[in-house]
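Take a look at the structure below.
The values are calculated or read from the model by the stated rules, or taken from the named source; none is laboratory data. Keep in mind the model is a prediction, meaning the values are calculated, not measured. Cβ: placed from backbone, ideal geometry, glycine included. Neighbour counts: every protein chain shown. Side chains included, ligands, DNA and RNA excluded: accessible areas come from the protein's heavy atoms. Shrake-Rupley method; radii C 1.70, N 1.55, O 1.52, S 1.80 Å.
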Amino acid sequence: WRLAAAATDDAPLDGRAVAVAIDRIIDNAGVAVAAINRAPVAAARAQALAFPDAQGATVFGLPPEKRFQASWAAWANGAAVRELDFHDSFFAQDSGHPGDTIPPLLAVAQHCRLAGADLLRGIVTAYEIQVDLAKGINLSLEKIDHVGHLGPAVAAGLAAMLRLSTEAAYQAIQLAAHLSYAPRQSRKGAISSWKAHAPGHVGQVAIAAVDRAMRGETSPSPIYEGDYGLVAAMLRGPDAAYEVPLPEPGEPKRAILETFTKEHSAGYHGQAVIDLALKMRPLLPEPGAIAEIVLETKKFTHLVMGTGANDPEKTDPNASRETLDHSAMFMFAVALEDGFWHHEASYARERVSRPETVALWRKIRTAESEEWNARFYGREGLAKDHGARAVVRLADGRTVADEIAVARAHPRGERPFGRREYVEKFTALAEPFASAGERARFLADAEALPARGPEGPAGLTVAVDRVPLAASRGRGIFDYHPGEMR
């Protein structure tokens with residue numbers, strides 16, 4: 001109920017929060033277009049194509065006059081935004097990618113012909129709820145995927161955007177939370193393409209939950225604190241208590257200001273690892289002269305992206321891209337050898353499988369450091385250090401060491417992202433796929449969003465007009481017609 005009350009509180013919009021929301025719309029569009037022809041994105045788009053709807057929502061890659069059912073547009077766009085692991089993050093007790101809230105909010109705003117200010121209200125509300133839940137409830141500790149906080153956040157954002165009653169928001173948030181909790185195996189071992197699809201699925205769940213609540217239907221209650229609710233059954237047990245900070249009534253929602261994006265296409269704990277490798281490259285001899293590299297870092301990096309995961313896939317050149325972008329050892333090796341990081345070239349199969357790269361890669365291990373644990377877990381919000389210290393032992397016995405506290409693009413980093421950097425990132429990623437005119441049109445629509453009516457949200461996907469769109473790798477249920485399948 002308190003989440004619902006916060007969502008439906010008609011607080012004024014904070015100007016800085018609105019500006020960052022526009023930054024994230026631009027960021028999402030760039031990474032979505034760059035991923036447009038990757039297989040998981042093509043599959044999700046093919047599914048959406050089976051559900052045309054003249055009143056519906058647009059899909060990245062397709063012309064704006066083509067519209068689809070909002071739920072399926074949210075699914076397709078959610079996969080495009082998430083696929084490259086290249087947009088924003090937040091870390092507290094738990095973590096997440098709050099930019100995943102934007103595709104379902106945009107789809108519903110387009111379907112319902114809402115104004116730009118309505119969409120922005122929904123975005124800052126969804127960010128607020130996801131960030132606040134991550135501050136209070138640690139899902140990863142229970143091996144639950146962080147999309148557990150995404151579902152209620154999207155439902156809250158939709159409720160704010162549609163100006164629902166607190167009762168309707170309450171019912172929607174409960175069902176979205178109920179259906180969004182999932183085990184964290186999706187980020188362990190051989191990581192699959194579901195990592196890209198999971199946010200779109202949760203967005204669909206939240207849209208359905210809100211639609212159902214608007215029709216007067218109720219949901220499992222109370223979903224968090226009930227005898228068989230999430231706290232008792234899936235978190236710390238029936239006697240546990242969690243404190244989730246929420247804004248006061250009338251207080252603008254500013255949690256989006258505590259989130260930050262990525263400069264590199266990789267899991268967030270790899271951002272500083274890549275930057276550290278690039279920083280150290282001029283200090284080191286040829287990789288063949290390296291005997292061992294130890295990355296001293298916090299527990300989470302060691303267990304999720306490091307050798308502490310005990311996942312042999314993280315040092316396997318035949319591993320999936322989804323696994324490689326969660327391997328700190330792989331990232332450090334390739335960045336050290338190449339002197340750059342690229343969302344396609346760094347993961348190309350022929351690049352990954354070079355014998356000298358594999359040899360260097362397997363000389364790297366991570367180690368949990370109490371110092372780095374204190375610098376991360378002992379601090380709050382933007383004060384957290386996400387980085388690592390690399391100790392490189394050379395074949396001749398010498399040692400070279402260096403460290404980096406945060407990634408370059410972090411608000412405390414060497415190159416913190418502002419509007420200029422977001423536009424540069426969007427332009428670099430979208431240029432191979434979309435014409436200069438289409439890119440300029442999108443940026444103008446995004447930056448004018450606060451003052452625009454329904455035409456504002458309508459222009460917030462990008463049509464691909466420079467390359468053909470890839471098809472799905474196979475036919476699915478929705479591609480068959482009556483009597484065609486036997």
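Per the listing Arg415, Arg408, Arg379, the residue uniquely in a loop (DSSP other than H, G, I, E, B), modelled with pLDDT of 95 or more, surrounded by fewer than 16 Cβ atoms within 10 Å (Cβ to Cβ) and under 22 Å from the mean Cα position of the chain (by Cα) is Arg415.
Candidates are the residues of the range 112-154 that are of a type in the set (Ser, Thr, Tyr) and farther than 28 Å from Asp53 by Cα; the one that is nearest to the chain's Cα centre (by Cα) is Tyr127. Among all residues of the range 427-443, there is at least one that is under 19 Å from Gly15 (Cα atoms) and open to solvent by 20 Å² or more (accessible area, probe 1.4 Å). Considering every residue within the range 446-460, establish whether at least one is open to solvent by less than 40 Å² (accessible area, probe 1.4 Å) and either in contact with a Phe, Trp or Tyr (Cβ under 8 Å, 6 or more places away or on another chain) or among the polar types (S, T, N, Q) (or both). Yes; the residues of the range 446-460 include at least one that is open to solvent by less than 40 Å² (accessible area, probe 1.4 Å) and either in contact with a Phe, Trp or Tyr (Cβ under 8 Å, 6 or more places away or on another chain) or among the polar types (S, T, N, Q) (or both).
I'd like the residue in the range 5-19 that is open to solvent by less than 30 Å² (accessible area, probe 1.4 Å) and not acidic (Asp, Glu) and, out of all such residues, is nearest to Gln171 (Cα to Cα). Across the range 5-19, the extreme among qualifying residues is Ala7.
Yes/no per residue for (1) in contact with a Lys or Arg (Cβ under 6 Å, 6 or more places away or on another chain); (2) not aliphatic (A, V, I, L, M):
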{"residue": "Pro40", "(1), (2)": "no, yes"}
{"residue": "Gln47", "(1), (2)": "no, yes"}
{"residue": "Pro52", "(1), (2)": "no, yes"}
{"residue": "Gly56", "(1), (2)": "yes, yes"}
{"residue": "Phe60", "(1), (2)": "no, yes"}
{"residue": "Arg67", "(1), (2)": "no, yes"}
{"residue": "Trp75", "(1), (2)": "no, yes"}
{"residue": "Ala80", "(1), (2)": "no, no"}
{"residue": "Glu83", "(1), (2)": "yes, yes"}
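Looking at the range 307-357, the helices (runs of 4 or more DSSP H) lying wholly inside it that each contain 3 or more residues that are open to solvent by less than 20 Å² (accessible area, probe 1.4 Å), touching a residue at least 24 places away in the same chain (Cβ under 8 Å) and in contact with a strand residue (DSSP E or B) (Cβ under 8 Å, 6 or more places away or on another chain) sit at 328-338. Only one entry in Ser89, Ser95 is open to solvent by 10 Å² or more (accessible area, probe 1.4 Å), touching a residue at least 40 places away in the same chain (Cβ under 8 Å), of a type in the set (S, T, N, Q) and under 26 Å from Ala309 (Cα atoms), namely Ser95. Looking at the range 269-302, which of its residues are in a helix (DSSP H, G or I) and without any contact (Cβ under 8 Å) to a residue 24 or more places away in the chain? Within the range 269-302, just Pro282 meets the criteria. Every test in (1) closer than 27 Å to Asp9 by Cβ; (2) buried (at least 16 other Cβ atoms within 10 Å of the Cβ); (3) polar (S, T, N, Q) is passed by Ser265 save one, and that test is (1).
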